[in-house]
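Since every read-out is calculated from the coordinates, none of them should be taken as a lab result. From a predicted model like this one, the values you see are computed outputs, not experimental measurements. Note: ideal-geometry Cβ built from the backbone for every residue, glycine included; neighbour counts use all protein chains shown.
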Amino acid sequence: MIATDKETDVEVLNSEYGKNVIKLLRIRRDGKKHCIKEVEVCVHIRLDSVNEYLHGDNSAVIPTDTMKNIVLALAKCKGIQIIEQFALDICNHLISSYCHVVYVKAYVQEVPWRRLEKNGIPHVHSFICVPEGIRFCEAEQCQNGCPLVISGIKELKLKKTTQSGFQGFHRDKYTTIPDRTDRVLSAELFCKWSYGVCQDIDFDCVWDTVHECVLEAFSGPPDCGEYSPCHQKTINNIQMLILARVPQIQEIEVTLNNIYYDVIDLEKFGLTNDKEVRELLKY
């Protein structure tokens with residue numbers, strides 16, 4: 001990205017570049033028992049000069065193929081037990097190995113594999129992909145700076161069939177939707193959070209706690225649920241519960257993308273529909 005001014009030279013505002021969509025599977029073998037991590041990695045860096053942009057001088061440019069091979073080598077040498085630590089390993093390697101790299105950002109997301117079980121007995125080497133949300137993280141590091149870590153959950157689909165409504169909202173001539181006191185609340189969640197200091201954090205424990213808080217705040221008590229007057233209140237309930245239970249989290253962002261179902265009129269077929277059959281209208 002560049003900016004120009006008639007009285008000044010051209011200024012490069014953003015010279016960040018990198019390698020996206022590095023997909024890999026890391027298998028850790030402990031005798032017959034195997035553990036796996038399948039991840040997708042994106043790595044971006046910024047150099048201390050912009051000669052490649054202004055003069056076509058590539059002498060300082062680290063090829064994106066090199067970045068990809070570094071990620072693969074780190075997966076072999078250091079393993080991938082926690083994706084946040086793997087992202088930090090990538091940042092640290094690039095910052096410490098190349099003195100002309102002034103900024104690194106590593107994004108890692110994990111494929112949600114879970115070990116298969118039969119009659120409570122875990123399988124030693126077989127897994128199933130479970131749609132309980134995708135775990136992701138992003139680490140950033142500057143030369144002589146402390147690393148920053150963001151963790152998150154995305155593509156987590158949630159639904160409850162009652163204890164949700166939307167009424168009392170502002171109306172004008174463009175408003176067509178009616179008040180609803182009993183609706184299906186269905187949404188796809190995106191949630192990310194940042195840490196104040198990235199020392200002595202159990203990233204696995206934090207992620208599990210956040211995931212648990214999301215489910216609890218969305219659904220309410222298992223025997224009766226909790227009424228949701230709007231998406232915004234449900235989002236706030238999720239965020240407040242997470243902040244109360246995880247003091248290491250400094251800032252959090254939650255989005256609920258509405259998945260809307262409407263009750264279908266079945267009278268033309270001679271059938272009654274007591275809100276049992278609904279059509280997916282918007283996703």
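Observations
- Cleavage-rule hits (GluC sites (Glu not before Pro)) in region 237-283: DSSP loop, at most 14 neighbouring Cβ within 10 angstrom: Glu276
- Computed lengthening from Thr162 to Leu54, 0.36 nm per intervening residue step minus Cα-Cα distance: 32.9 nm
- FRET efficiency, Asn273 to Thr176 (Cβ-Cβ, R0 25 Å, nearest 0.05): 0.75
- Label point distance in nm, Lys33-Lys78, each placed 7 Å from Cα along Cα→Cβ: 2.5 nm
- CD proxy at 222 nm, helix term only [per DSSP H run n ≥ 4: -39500 (n - 2.57); per residue of the chain; nearest 500]: -7500 deg cm²/dmol
- Calculated FRET efficiency for the pair Tyr260/Gln199, C-beta based, R₀ 51 Å, to 0.05: 0.70
- For region 105-156 versus region 170-246, the gap between their alpha-carbon centres in whole angstrom: 20 Å
- Label-zone membership for region 149-179, site His231, 7 angstrom Cα→C-beta point, backbone N under 18 Å: 153-171, 175-179
- Cβ-defined net charge surrounding Asp208, 12 Å radius [Lys, Arg +1; Asp, Glu -1]: -2
- Here Ser194, Ser96, Ser59 are placed in order of increasing Cβ neighbour count within 10 Å, fewest first, which gives Ser59, Ser96, Ser194.
- Across Lys23/Lys157; Lys37/Lys76; Lys118/Lys157, pairs whose alpha-carbon gap is larger than 19 Å: Lys23/Lys157; Lys118/Lys157
- Excluding exposed DSSP-loop trypsin sites (Lys or Arg not before Pro) (at most 10 other C-beta within 10 Å), longest clean stretch of the chain: 33-170
- At q = 0.12, 0.20 Å⁻¹, base-10 log of I(q)/I(0) for region 134-283 (Debye sum, equal scatterers on each alpha carbon): -0.62, -1.23
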